[in-house]
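The values are calculated or read from the model by the stated rules, or taken from the named source; none is laboratory data. Computed from a predicted structure; not experimentally measured. Counting neighbours? That spans all protein chains shown, and the Cβs are built from the backbone with ideal geometry, glycine included. Remember, those area values only see protein heavy atoms, side chains included, never the ligands or the DNA or RNA. Shrake-Rupley method; radii C 1.70, N 1.55, O 1.52, S 1.80 Å.
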Amino acid sequence: MNEKILVVDDEPEIADLVAVYLENEDYRVYKFYTAREALACISQEDLDLAILDVMLPGISGFELCQKIREQHTYPIIMLTAKDAEIDKITGLTLGADDYVTKPFRPLEMMARVKAQLRRYKRYNPAVSAEEQNVLIHAGLVINITSHECTLNDRRLDLTPTEFEILKILCQKKGRVVSSEELFHEIWQDEYYQKSNNTITVHIRHLREKLGDTTEHPRYIHTVWGVGYKIEN
């Protein structure tokens, strides 16, 4: 999904620069130079994040922030030309989630945008993890579509088999999954021998990458003689 991001700044060179960097990251950008122009977009589009300049002509960025917060909960990042504490406090009080002081580095802006979107999607109940095709458990985030896995925002380099095992255990969270069941689901092979320790080896490697131990597991629990499970 290409997230929709609103950019409002009366300095065209700033708005254009931010838009270019966002589009390079495959975001859909709605760019305006006045708050009045942006109002129609806010009411018509299902946006995911807004970047608002404080010092806008006519309707200020603070007022625009207030109008957004009357109906929407997506993240708002304020741009301010002043490194004044009062601007930061005012923006946060009115419902902004973050602020960036001009002049700023574009890569820092991109990092702020990604962090806010990640947080919003993870904790906002209005954004369904099922719709995103994402599994979440105790800091563990498995994106089935992009085949990526992070633990406390740290990317885990998993092999395809390790990824599949972790995905299956999270999908069946709360119940025990046998090695045989894991084997059948991953390899689609009916032939399985109890002496086959392939799953055991992959589980060991997974635990190492998760920082888990058999004695004090936080994620993958062993149910001796039965299989493995991730607790609810």
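In the stretch 197-229, how many residues are within 20 Å of residue 157 (Cβ to Cβ) and not aromatic (Phe, Trp, Tyr)?
Pass one, the stretch 197-229, residues within 20 Å of residue 157 (Cβ to Cβ): 198-199, 201-213, 218-220.
Applying the additional criterion that residues be not aromatic (Phe, Trp, Tyr) yields 198-199, 201-213, 218, 220.
Total meeting the criteria: 17.
Give the residue that is nearest to residue 116 (Cα to Cα), with candidates limited to residues of the stretch 153-178 that are open to solvent by less than 30 Å² (accessible area, probe 1.4 Å) and touching a strand residue (DSSP E or B) at 6+ places or on another chain (Cβ under 8 Å).
By that ranking, first place goes to 156.
Per-residue answers, yes or no, for (1) in a helix (DSSP H, G or I); (2) over 30 Å from residue 230 (Cβ atoms); (3) acidic (Asp, Glu); (4) modelled with pLDDT of 85 or more:
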residue: 121; (1), (2), (3), (4): yes, no, no, no
residue: 141; (1), (2), (3), (4): no, no, no, yes
residue: 146; (1), (2), (3), (4): no, no, no, yes
residue: 149; (1), (2), (3), (4): no, no, no, yes
residue: 157; (1), (2), (3), (4): no, no, yes, yes
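Pairs only if they're at least six apart or on different chains, beta carbon under 8 angstrom, first in the stretch 6-17 and in contact (Cβ under 8 Å) with a residue 60 or more places away in the chain, second open to solvent by 60 Å² or more (accessible area, probe 1.4 Å); list them, first residue then second.
Going by the 8 Å Cβ cut-off, the qualifying pairs are 9/33.
May I ask you to list the residues in the stretch 64-86 that are open to solvent by 50 Å² or more (accessible area, probe 1.4 Å), closer than 25 Å to residue 114 by Cβ and β-branched (Val, Ile, Thr)?
73
Among the numbered criteria (1) at pLDDT 85 or above; (2) surrounded by 15 or more Cβ atoms within 10 Å (Cβ to Cβ), which single criterion is violated by residue 192?
The single condition residue 192 does not satisfy is (1).
Just one of 69, 28 is under 30 Å from residue 133 (Cβ atoms) and within 18 Å of the chain's Cα centre (by Cα); which is it?
Every option except 28 fails the conditions.
Among the residues of the stretch 33-63, write down those that are within 15 Å of residue 5 (Cα to Cα) and either buried (at least 21 other Cβ atoms within 10 Å of the Cβ) or among the aliphatic types (A, V, I, L, M) (or both).
Once the filter is applied, which keeps residues that are within 15 Å of residue 5 (Cα to Cα) and either buried (at least 21 other Cβ atoms within 10 Å of the Cβ) or among the aliphatic types (A, V, I, L, M) (or both), the stretch 33-63 yields 35, 38, 39, 40, 42, 47, 48, 49, 50, 51, 52, 53.
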